[in-house]
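Chemist: Sending over a structure as structure tokens; questions will come in a sec.
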Amino acid sequence: MNRHMASSIASTTLLSGLIWWILSDGALESWIIGVPAILLIVGWSLSQQNSFQSLPRFFGLLEFVPYFLWESLRGGIDVARLALAPSTSINPCFISFDLQLPKGPAQRVFINTVSLLPGTLSADLLGEQLIVHRLRGASDGDQDLRECERRVARMYGLTLTDADPGQSSAGALRP
């Protein structure tokens with residue numbers, strides 16, 4: 001077993017254990033069911049690996065979680081502000097975003113995380129392009145999406161192929 005595999009097993013075990021602890025309110029007796037459930041999750045995760053892509057790395061996951069929580073909070077506040085202050089201008093549109101992550105777990109994590117970024121929602125996947133609904137148009141480009149994709153790639157120990165994030169085909173598509 002290599003270091004990357006050991007790190008992936010550790011991150012899956014710790015994350016599953018944390019989720020179990022939260023769901024069970026830390027009840028000690030719940031671990032009778034929790035430990036076998038966690039072992040099943042780890043075993044299932046290992047069986048789902050592709051030869052080119054593995055589970056998240058432990059330190060990558062530790063780095064990603066604060067980013068994920070912060071962006072989720074920002075996204076919730078942003079949408080609540082838009083809902084409660086109808087005078088706030090919105091300019092909804094769809095953009096096409098060229099994916100750099102390979103198909104598999106990392107790409108799925110990215111696509112689902114996009115919906116938690118402020119003012120964005122993953123709407124469709126067309127080949128290697130993610131269609132994203134934005135509440136405020138495409139004036140800011142796709143830097144928030146590129147940053148999210150870069151962080152997901154680091155969490156999985158992947159290197160993105162496109163060195164220039166300005167080369168995305170992000171452009172406004174009207175509904």
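Chemist: Search region 110-121 for residues that are within 13 Å of Leu82 (Cβ to Cβ) and pair each with any residue that is assigned to a loop (DSSP other than H, G, I, E, B) and of a type in the set (A, V, I, L, M, F, W, C) when their beta-carbon atoms are under 6 Å apart and the residues are at least 6 apart or on different chains.
Modeler: Cβ pairs passing all conditions: Gly119/Leu135.
Chemist: A follow-up question, please. Consider Phe110 against the criteria (1) among the hydrophobic types (A, V, I, L, M, F, W, C); (2) in contact with an Asp or Glu (Cβ under 7 Å, 6 or more places away or on another chain); (3) open to solvent by 30 Å² or more (accessible area, probe 1.4 Å): it satisfies all of them except one. Which criterion is unmet?
Modeler: Going through (1) among the hydrophobic types (A, V, I, L, M, F, W, C); (2) in contact with an Asp or Glu (Cβ under 7 Å, 6 or more places away or on another chain); (3) open to solvent by 30 Å² or more (accessible area, probe 1.4 Å) one by one, Phe110 breaks only (3).
Chemist: Is one or more of the residues making up region 114-127 within 24 Å of Phe59 (Cβ to Cβ) and buried (at least 20 other Cβ atoms within 10 Å of the Cβ)?
Modeler: Yes: region 114-127 contains one or more residues that are within 24 Å of Phe59 (Cβ to Cβ) and buried (at least 20 other Cβ atoms within 10 Å of the Cβ).
Chemist: Evaluate the following for Ser7: is it of a type outside the set (A, V, I, L, M, F, W, C), surrounded by 12 or more Cβ atoms within 10 Å (Cβ to Cβ), out of contact with any Ser or Thr (no Cβ under 6 Å at 6 or more places or on another chain) and in contact (Cβ under 8 Å) with a residue 24 or more places away in the chain?
Modeler: Considered against the rule, which asks whether it is of a type outside the set (A, V, I, L, M, F, W, C), surrounded by 12 or more Cβ atoms within 10 Å (Cβ to Cβ), out of contact with any Ser or Thr (no Cβ under 6 Å at 6 or more places or on another chain) and in contact (Cβ under 8 Å) with a residue 24 or more places away in the chain, Ser7 comes out as yes.
Chemist: Now, a different point. Taking region 87-99, which residues are open to solvent by 30 Å² or more (accessible area, probe 1.4 Å) and of a type outside the set (Ser, Thr, Tyr)?
Modeler: Passing the criteria: Ile90, Asn91, Pro92, Phe94, Asp98.
Chemist: May I pose another question? Quick check, is Leu62 within 21 Å of Ala153 (Cα to Cα), at pLDDT 85 or above and not in a helix (DSSP H, G or I)?
Modeler: Numbers: within 21 Å of Ala153 (Cα to Cα): yes; at pLDDT 85 or above: yes; not in a helix (DSSP H, G or I): no.
No; evaluated as a whole, the condition is false for this residue.
The rows are residues; the columns are (1) open to solvent by 70 Å² or more (accessible area, probe 1.4 Å); (2) in a helix (DSSP H, G or I); (3) closer than 20 Å to Tyr156 by Cβ; (4) in contact with a helix residue (DSSP H, G or I) (Cβ under 7 Å, 6 or more places away or on another chain).
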residue: Ser11; (1), (2), (3), (4): no, yes, yes, yes
residue: Leu14; (1), (2), (3), (4): yes, yes, yes, no
residue: Gly17; (1), (2), (3), (4): no, yes, no, yes
residue: Trp21; (1), (2), (3), (4): yes, yes, no, no
residue: Gly26; (1), (2), (3), (4): no, no, no, no
residue: Pro36; (1), (2), (3), (4): no, yes, no, no
residue: Leu39; (1), (2), (3), (4): yes, yes, no, no
residue: Val42; (1), (2), (3), (4): no, yes, yes, yes
residue: Ser45; (1), (2), (3), (4): no, yes, yes, yes
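Chemist: Still on this model: Taking interchain pairs and intrachain pairs at least six residues apart, which have beta carbon atoms under 8 angstrom, with the first residue in region 87-99 and more than 29 Å from Leu160 (Cα to Cα) and the second surrounded by fewer than 17 Cβ atoms within 10 Å (Cβ to Cβ) and among the basic types (Lys, Arg)?
Modeler: Thr88/Arg81
The values are calculated or read from the model by the stated rules, or taken from the named source; none is laboratory data. Treat the numbers as computed from the prediction; the structure is a model and nothing was measured. Neighbour counts run over all protein chains shown; Cβ positions are idealised from the backbone, glycine included. Each accessible area value is taken on the protein alone, full model and side chains, heavy atoms only, with ligands, DNA and RNA left out. Shrake-Rupley method; radii C 1.70, N 1.55, O 1.52, S 1.80 Å.
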